[in-house]
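Peer 1: Here it is, the structure in full.
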2 protein chains.
Amino acid sequence: MAYPQETFKRTYVSTTSLLGQRRAAASANMITYQLQILRDTGRYDAFNLRWQPIYDKVPEYWPIADHLFWDSDVGKWIEGACYFLMGESNPDPTIDGAVKELVEMIRKAQRPDGYLNIHYQVVEPGKRFTNLRDMHELYNLGHLIEGALAHNQYYGNNLFLEPMLKYVSLINDVIGLSEDQLHGYPGHPELELALLRLHHHTGDEKSFQLAQYFINERGNPDGVDGRDFYTVEAEKRNEALDWQPVWYPAPRSHWYQQAHAPIAQQESVEGHSVRAMYLLTAVADLVRLGSASADLEEAVTRLWTNMVEKKMYLTGGIGSMKQWEGFGRDYFLPQGTDEGGCYAETCAAIGVMMLAQRILQYDLNNKYADIMELCLYNAVFTAMSLDCRKFTYVNQLASSEKDLSERFGWFRCACCPPNILRFLGMIGGYLWNVSESNKSDTTQVDVHLYAPATFDFETLAGHASLRQECDWPRDGNIRFSLTGTIKNIQLKLRIPGWATSWGIVPALPHQDVINGYLTITAEYLAVHPGFTLTIGLKPRLIAPHPLTNQQTLTIARGPIVYCVEDVDNTWVTDHFRSTCLDSRCIKNNAVTEKEMTDPSLPDERYVGIFITKAAYVVDFTKLNTNAFIEKEELDKSMETAKVINELKFVPYYYRANRGGRGMARVGLKKWV
Amino acid sequence: MAYPQETFKRTYVSTTSLLGQRRAAASANMITYQLQILRDTGRYDAFNLRWQPIYDKVPEYWPIADHLFWDSDVGKWIEGACYFLMGESNPDPTIDGAVKELVEMIRKAQRPDGYLNIHYQVVEPGKRFTNLRDMHELYNLGHLIEGALAHNQYYGNNLFLEPMLKYVSLINDVIGLSEDQLHGYPGHPELELALLRLHHHTGDEKSFQLAQYFINERGNPDGVDGRDFYTVEAEKRNEALDWQPVWYPAPRSHWYQQAHAPIAQQESVEGHSVRAMYLLTAVADLVRLGSASADLEEAVTRLWTNMVEKKMYLTGGIGSMKQWEGFGRDYFLPQGTDEGGCYAETCAAIGVMMLAQRILQYDLNNKYADIMELCLYNAVFTAMSLDCRKFTYVNQLASSEKDLSERFGWFRCACCPPNILRFLGMIGGYLWNVSESNKSDTTQVDVHLYAPATFDFETLAGHASLRQECDWPRDGNIRFSLTGTIKNIQLKLRIPGWATSWGIVPALPHQDVINGYLTITAEYLAVHPGFTLTIGLKPRLIAPHPLTNQQTLTIARGPIVYCVEDVDNTWVTDHFRSTCLDSRCIKNNAVTEKEMTDPSLPDERYVGIFITKAAYVVDFTKLNTNAFIEKEELDKSMETAKVINELKFVPYYYRANRGGRGMARVGLKKWV
């Protein structure tokens, strides 16, 4: 049960939960909506390999043609559609028919030698594998493989998997360490993690070896006759030394794609954040499998730590630099465009969850699962409207006139929407993981996330089922019940790092919490197959690291990060840039919470948070600035600040669903 | 007396003052040091037009060859050398000889048609005027003209001026509005301001018209057959649409050189900061001359205001973006590299002073002169060592491991060191300006800066002389005395905006302060040709605007901004990033000042500032961060902070002169 794509098949998530609600909305709206977009934009027909007018368009970001990732868009949609089809007693024939037709087109499009790529078969024939760095051939293949795995899971046939294995075989011929092979690796990692899953699913050894090769060869400074592959490849293309795609930090800046050094030697997490997460997911998977060197394992830990301590927003978002869609320097985490940038791409947050899920299997620690949950409810959930028809690509923590808090129907580079689709399709797979415990006769279930859900699994003794009943994350009581063959089952329940109180009823003989996971022993379960875990949820104040130079405060409650919106606080005119929060608000009982719904969204229960007379608006524009401000002037501006009677906060994921003027902010300036 | 280059000739600055000390050090060390560098690097001989090995070098920043600005380096050195020669009773024959030899080479190098440029005559003959945007031909000419003006002032002959007028005549033929002319303008402004000075000095009308044309045509979107000049020029060069020099924000981003719109329509100050300042200096000069449209005058005010309120460091430095050596978005002013960048180029600060000096002549207001003085003592003075042998190009407010607080002997792109030379040469010209007052029979002297100095000037009635005796900025008492024909002379004395107290002895009948300038009437002066102005100087706390997200405090005293250095505070290990300052330190009498010198620099008196038990070190690295920090954790880290017994501050210009480990910081985190 190493992959969520498998675990989810045995997980039923109740539609009453926040998770279940989103999944149900995706099932009802997102699949068909995205299918229509695939049709409308030409993606659906692209594997017909007929010329489309868009292929003539000068790309906005040369050389990345607008259609360059179409293969992956289709692959991800098929993958997501299949996950949803799996749970349906009456599968939608339109969806089923579309999947089948797409797979048929893909099969027909494949070249006899196994090659398959829309761009290089239609637009630039003859140039395949000449620009692994920028042109996403291998990335596209990765997503097609993941689609094929889901297809195989649902349909039980090899119609999609077989051409993929053939393509992998071709890649294995063309790329590798032999003298006549290209010593290359994907510019945008994804294929690596897909190959490991392909190997797991099919046993295909070539896939495993290729993934291992990609990971070990990446960033080799001596890969091609004493020089690195991308430099040699660029020279072969006669790429000018001073040329750079506009999104590159600088010409030949290989750290953009994490190829500036072998992975094991990388000191900090750098460059394009989605690439970094997909790559590290594969590396962590290799570690889990015992097939990675010790220094690779250390690198995963080092890069993860650098990320969560110095390069992650408190929503779980990563990447502050728009130019390269990636990481800035340590502690560079402005909240929005007018403060210096905030990117926090949706796919990157999904990538963090993928990476955390892999690491948790060899290093069970709540520090990974806390981040996984943080991303889930904040950085990922904020990226779709509640009806799952609109999306964000960038997930800023503060809006500005230039970048309002709003969502869109689609994107030219459309990686995020279908990524959300496939993610929600298998969301249940992130809740838990089953494995053999250290005690050889015991089956262990690690429970990472809480949600009303049921998990069926096998033990050495037979079938078992674990059920959670709760209203998490709105309420902190989680009722567990284990049924079936409950002998020799041990549970590990995550106690979140932010939890200030928690308890188990009936009481445990002793509380054994290791790395943030509470052990529920087989002995206890034999007596108490049903028990309740209670985690205290109350509003907290959290902050980014002081070295981010922000001095802001954010309201959080459980795993949910809050924000303010103009629709609730209609007086705002400046995106809450001048709204300040008194750090004593909780101590002074100025904070109240209330479960509520809004009239326009009657099914969306949430806990609203209200701050009474402990927030202020300072008119910073009136400050007398001539290169600097005298401290006395600053003091005066605070003295004349306007107190806000009631400032309302809503969950960050809830933003931009009720109209308004697109003003929202997560972190408010600290008042005192 | 419109230009400081003229005013300084009648100004004697005492070598006892801070200004005078720097000028004396430049006279003693900088001229010959830089001459040696010109010789060692090939610049001195370059006008011989012989091939040099460096011309073969692949430029670091293509297409900007390393020697591209050599013409201007030579021009600026000649200019500076001539200013210093003017004041010498025994001119150094080496310097005199070098100037003469350089001018002789320049004369010989000029083509019969007037063209003169090292790069295009030696390296790329035949390509002249094909890339006005990037290749600095017109910029180089501007600096040669300024050199020629200084040369003419000192030598009284036309040996340098005559070839310049010939070159200007060629430019006038090649560039302009006629159909057969290039409708272009300089990529790096400088020629505009030089042409206006050339016109003032020689009366050459062509120079004036050409400057006016450059200013009015710049950014014209319809300049060439309905398109802008730079786009058409780029097409003629077959420049790829996606290509960009690495320092450009994006391909064809004309705002890099302030050509994205006509100047009158520019809403905010953008792009390369030196270019912006040189350009606006010329525009303001045109305004002063009554030859600019009202909307150009408004643009100068608008762009100045945008700069000083939202884009200027509290040292007077401008430009936070290293990539384009220029302005970031509003309020984006990180202190150093590890906080997101700080550029504050030396030349840009000199440019701010040039611009302020022009504006002050038509809008006498201390808000301009305060900034002029701020730049002088901080952003500019920090850019050279006290012995004037070492320089900075970038003037960060905080050091980091990557960018220590240190100075260098020279730079590949060496615009700053010779700019400091010529600036110090005529520094006296910035102190004051003489003009006819509104009352037609009265001569008015505006005193912008205070320093022990004497100014000789003419009135309608005869010669007069104004003398300041003071130890400014160490002490706030300034003794003025007017001698000679003192009839009908009126003074305007700047009262700095930061001054919390000031007074005149003998007392004025009434204090008439208009826009920060105190009027000393002819009537008063007739009775009191000697009087004393006292401006209270005591340590103050200043801060950047709150929307910079910094919440830092800085010590200032008079016009001097202070910093902390590791050489005084030897315990520091993190560049003072975790050093915090209690905002109540002044109120609580924790701040003391002491005039002092350091043993290694016995002649450099300064006021040291000491903070006793009101600064703290917080070990931020110990904070438990997993994407965020609980507020309680933050509070705890403050509770366990270490109090600093005595934190010593020195003037920012004083930094990096006494060894140490290169750690310095201007703004410290606000403690409470």
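Peer 1: Using unit Cβ charges (K, R positive; D, E negative) and no other charged atoms, how large, in debye to the nearest 20, is the dipole of the protein assembly as shown about its Cα centre?
Peer 2: Using Cβ point charges on Lys, Arg, Asp and Glu, the protein assembly as shown gives about 2420 debye.
Peer 1: Evaluate E = 1/(1 + (r/R0)^6) for B:Val527 and B:Glu458, where r is the Cβ-Cβ distance and R0 equals 35 Å; express this FRET efficiency to the nearest 0.05.
Peer 2: Using R0 = 35 Å, I get an efficiency of 0.95.
Peer 1: Specify the inter-centroid distance of segment A:44-76 and segment B:343-402, based on alpha-carbon positions, in whole Å.
Peer 2: Each part reduced to its Cα centre gives a spacing of 51 Å.
Peer 1: Another one. Pick out, from A:Gly156, A:Gln335, A:Trp324, the residue whose Cα sits farthest towards the positive end of the charge dipole of chain A, with +1 on the Cβ of Lys and Arg and -1 on the Cβ of Asp and Glu.
Peer 2: Highest projection toward the positive end goes to A:Gln335.
Peer 1: For the pair A:Gln323 and A:Met638, how long in nm is the line joining their label points, each one 7 Å along Cα→Cβ?
Peer 2: Computed distance between label sites A:Gln323 and A:Met638 equals 3.6 nm.
Peer 1: Moving to a separate point now. When Cβ neighbours within 10 Å are restricted to other protein chains, what is their mean count per residue of peptide B:538-546?
Peer 2: Per-residue shielding by partner chains comes out at 6.
Peer 1: Further question on the same structure: Treating the point 7 Å from Cα along Cα-beta-carbon as the label, what are the nm separations from A:Glu104 to the other copies, to one decimal?
Peer 2: Sorted ascending, the copy-to-copy spacings read 9.1 nm.
Peer 1: What is the distance, in nm, between label points placed 7 Å from the Cα along the Cα-to-Cβ direction at A:Gln209 and at A:Ser435?
Peer 2: 2.8 nm
Peer 1: Starting from a label point 7 Å past Cα on the Cβ side, list the distances from B:Val513 to the same position in the other copies, nm, shortest first.
Peer 2: 6.1
Peer 1: Let me ask you something else. Using +1 at the Cβ of each Lys and Arg and -1 at the Cβ of each Asp and Glu in segment B:128-261, identify which of B:Thr202, B:His143, B:Ser253 lies farthest towards the dipole's positive end.
Peer 2: Sorting the options by dipole projection puts first B:His143.
Peer 1: Right, here's the next one. Where both residues lie in the protein assembly as shown, what percent of DSSP beta bridges are antiparallel, nearest 5?
Peer 2: Of all bridge pairs located within the protein assembly as shown, approximately 90 percent are antiparallel.
Peer 1: Right, here's the next one. Say the dipole of segment B:410-541 comes from +1 at the beta carbon of Lys and Arg and -1 at that of Asp and Glu; which of B:Cys416, B:Ile489, B:Leu518 then lies farthest toward its positive end?
Peer 2: Positive-most Cα among the choices belongs to B:Cys416.
Peer 1: Nearest beta-carbon of A to the rotation axis carrying it onto B: which residue, how many whole Å?
Peer 2: Taking Cβ atoms only, the nearest residue and its distance are A:Gln551, 2.
Peer 1: Just to confirm the numbers: A:Thr592, label point 7 angstrom along the Cα-Cβ line, distances to the other copies in nm, shortest first?
Peer 2: Result, one decimal in nm: 5.4.
Peer 1: Computed FRET efficiency, Cβ-Cβ of A:Asp619 and B:Asp598, R0 45 Å: what is it to the nearest 0.05?
Peer 2: Rounded to the nearest 0.05, the efficiency is 0.50.
Peer 1: Let me ask something additional. Show that you can apply the helix-only estimate: for the protein assembly as shown, add -39,500 (n - 2.57) for every DSSP H stretch of four or more residues, divide by all residues, and state [θ] at 222 nm to the nearest 500.
Peer 2: One gets -9500 deg cm²/dmol as the mean residue ellipticity at 222 nm.
Peer 1: Roughly speaking, what is the centre-to-centre gap between segment B:446-502 and segment B:168-242 when only Cα atoms are used, to the nearest Å?
Peer 2: 41 Å
Peer 1: Across peptide A:630-640, how many C-beta atoms of other chains are within 10 Å of each residue C-beta, on average?
Peer 2: Mean partner-chain Cβ count within 10 Å for A:630-640: 4.
Peer 1: If you filter segment B:216-274 for trypsin sites (Lys or Arg not before Pro), then keep DSSP loop positions with at most 16 other Cβ within 10 Å, what is left?
Peer 2: Of the trypsin sites (Lys or Arg not before Pro), the ones in loops of segment B:216-274 whose Cβ has at most 16 other Cβ atoms within 10 Å are B:Arg237.
Peer 1: Please give me, ordered by residue number, the trypsin sites (Lys or Arg not before Pro) of segment B:582-633 that lie in loop per DSSP and have at most 14 other Cβ atoms within 10 Å.
Peer 2: Sites meeting the loop and neighbour criteria: B:Arg584, B:Lys587.
Peer 1: Next up: What share of the DSSP beta bridges in chain B is antiparallel, in percent to the nearest 5?
Peer 2: 90 percent
Peer 1: Going by a ≥ b ≥ c, the root eigenvalues of the Cα gyration tensor, does segment A:228-342 fall in the rounded group (a/c under 1.5), the prolate group (a/b larger than b/c) or the oblate group?
Peer 2: oblate
Peer 1: In debye to the nearest 20, how big a dipole does chain B give about its Cα centre with +1 on each Lys and Arg Cβ and -1 on each Asp and Glu Cβ?
Peer 2: Computed about the Cα centre, the dipole is about 1460 debye.
Peer 1: Related question: Based on the Cα coordinates of chain A, what is the per residue volume of their convex hull in Å³?
Peer 2: 165 Å³
Peer 1: What is the Cα centroid distance between segment A:617-672 and segment B:1-39, reported in whole angstrom?
Peer 2: 48 Å
Peer 1: Can I ask one more? With +1 on the Cβ of every Lys and Arg and -1 on the Cβ of every Asp and Glu, and nothing else charged, how large is the dipole of segment B:565-651 about its Cα centre, in debye rounded to the nearest 20?
Peer 2: It works out to roughly 280 debye.
Peer 1: I'd like the trypsin sites (Lys or Arg not before Pro) in segment A:426-530 restricted to DSSP loop residues with at most 16 other Cβ atoms within 10 Å, sorted by number.
Peer 2: The qualifying sites are A:Lys439, A:Lys487.
Peer 1: What FRET efficiency comes out for the pair A:Asp387/A:Thr500, r = Cβ-Cβ distance, R0 = 56 Å, nearest 0.05?
Peer 2: 0.95
Peer 1: Just checking the output field for B:238-249: average partner chain Cβ neighbours within 10 Å of each residue's Cβ?
Peer 2: Partner-chain Cβ atoms within 10 Å, mean over residues of B:238-249: 3.
Peer 1: Let me ask something else about it. Looking at the square roots a ≥ b ≥ c of the eigenvalues of the Cα gyration tensor of segment A:272-332, which shape do they give, rounded for a/c under 1.5, prolate if a/b is larger than b/c, or oblate?
Peer 2: prolate
Peer 1: Among all stretches of chain A without exposed GluC sites (Glu not before Pro) (DSSP loop, at most 10 other Cβ atoms within 10 Å), which one is longest?
Peer 2: So the longest stretch without any such site is A:268-672.
None of the figures in this text is laboratory data; all of them are computed from the coordinates on show. From a predicted model like this one, the values you see are computed outputs, not experimental measurements. FYI the Cβ positions are ideal-geometry reconstructions off the backbone, even for glycines, and counts take in every protein chain you see.
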